[in-house]
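Take a look at the structure set out below.
Values quoted throughout were computed directly from the atomic coordinates according to the rules given, and no laboratory measurement underlies them. Treat the numbers as computed from the prediction; the structure is a model and nothing was measured. Glycine gets a Cβ as well: all are built from the backbone with ideal geometry, and neighbour counts include every protein chain shown.
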Amino acid sequence: PDVGIHSLGGSGSWPKGCHGSGEFHQFNIFFDYNSMPSWWKPVFKTAFSLVQQAYSNKGISFVEVRDKAKANTVVTWERGAGWLGLAIVANNPSCGTRIWAKFDNRYGASFNEAQLINQLAMLMGHEFGHNMGLSHSRGGVMNATLSNFKFTPTVWNGDPHEATLNRWFGGKPVNSPTPEPDPTP
C-alpha cells in the first residue's frame, strides 16, 4: 500500500554555491547512526549509494561526513508522528542554517532486503529533494506517497522534476565522492 510522506519548513531553495562547492551542488551529510534502527543498518549503505548515483546524474554530489560540525545536512531517526520522512529546512539567505532529514525509526522492519533498499532509497531521495526545494509531484521520486516506484541510478529519466533539476544544477553528472575515512583511534 502507498504510505504518505511529508515535508515541513521553508522552501529549501539553495542558491548556487550556497551549500555547495565547485561547479556542482554538494550535500555534506552527517548520519546519526546511533539513532538508526538495527534493521536499516545492513542495507543502508546500498540504499544511500543509489541516492548518490541518481542525484549525481543531475550534478548534485552527496558526501557523508563523520564530523557533525562539517555537515550542512543532519539525518536522524525518531518516532514519526504521522510521517515516515520529514524534511526540515530553514530558508536562510546566508546559508548558515543546517538542514535536517528525519526518518521514522519504526518503518521498514517487515520488508525483505530488496524492498527495504528500494524504499529507503525512495524515502531518502524524496526528503533530500525537499531539502533542495522540490515540491510534491504526481509520480516520480517527489510523489506524495511511496508506491511501487523503483529507485535506480537513472531514476530521473521522465520524472516530473527532471527538467527542474537540469535547470538548477545543469544536468551534468558528477562523481559522488567516497565517504571520509573513519578517524584513527
Inset, instruction - Among the chymotrypsin sites (Phe, Trp or Tyr not before Pro) in region 101-171, which ones are in a DSSP loop with at most 15 other Cβ atoms within 10 Å of the Cβ? Mind listing them? - result: 111
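Calculate, for residue 106 and residue 157, the FRET efficiency according to 1/(1 + (r/R0)^6) with r their C-beta to C-beta distance and R0 41 Å; round to the nearest 0.05.
Calculated value: 0.80.
Shape call for region 130-169 from the C-alpha gyration tensor, a ≥ b ≥ c root eigenvalues: rounded (a/c under 1.5), prolate (a/b greater than b/c) or oblate? Let's see the in-between values first.
Details: a/c = 1.97, a/b = 1.28, b/c = 1.54.
Taking the square roots of the gyration eigenvalues as a ≥ b ≥ c, region 130-169 is oblate.
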Legend entry - Reach of residue 58 by Cα under 23 Å, taken over lysines that are not fewer than 8 positions away in the same chain: 16, 45, 150, 172
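State the extension gain, in nm to one decimal, for the chain segment bounded by residue 167 and residue 69, taking 0.36 nm per residue of separation less the distance between their alpha-carbons. Mind showing how you got there, number by number?
Values: separation 98, 0.36 × 98 = 35.28 nm, distance 3.04 nm.
Length gained between residue 167 and residue 69: 32.2 nm.
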Inset, instruction - Provide the net charge surrounding residue 102, with neighbours chosen by a C-beta distance below 12 Å and charges set as Lys +1, Arg +1, Asp -1, Glu -1. - result: -3
Inset, instruction - Multiply the residue separation of residue 41 and residue 81 by 0.36 nm, subtract the distance between their alpha-carbon atoms, and state the gained length in nm to one decimal. - result: 12.2 nm
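Work through the residues other than residue 120 whose Cβ is under 12 Å from its Cβ and net out their charges, Lys, Arg +1 and Asp, Glu -1.
Working: positive: 41, 45; negative: 104, 113, 127.
Here the charged neighbours net out to -1.
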Legend entry - Interchain or long-range residues, amide H under 5 Å from residue 66's placed H: 180
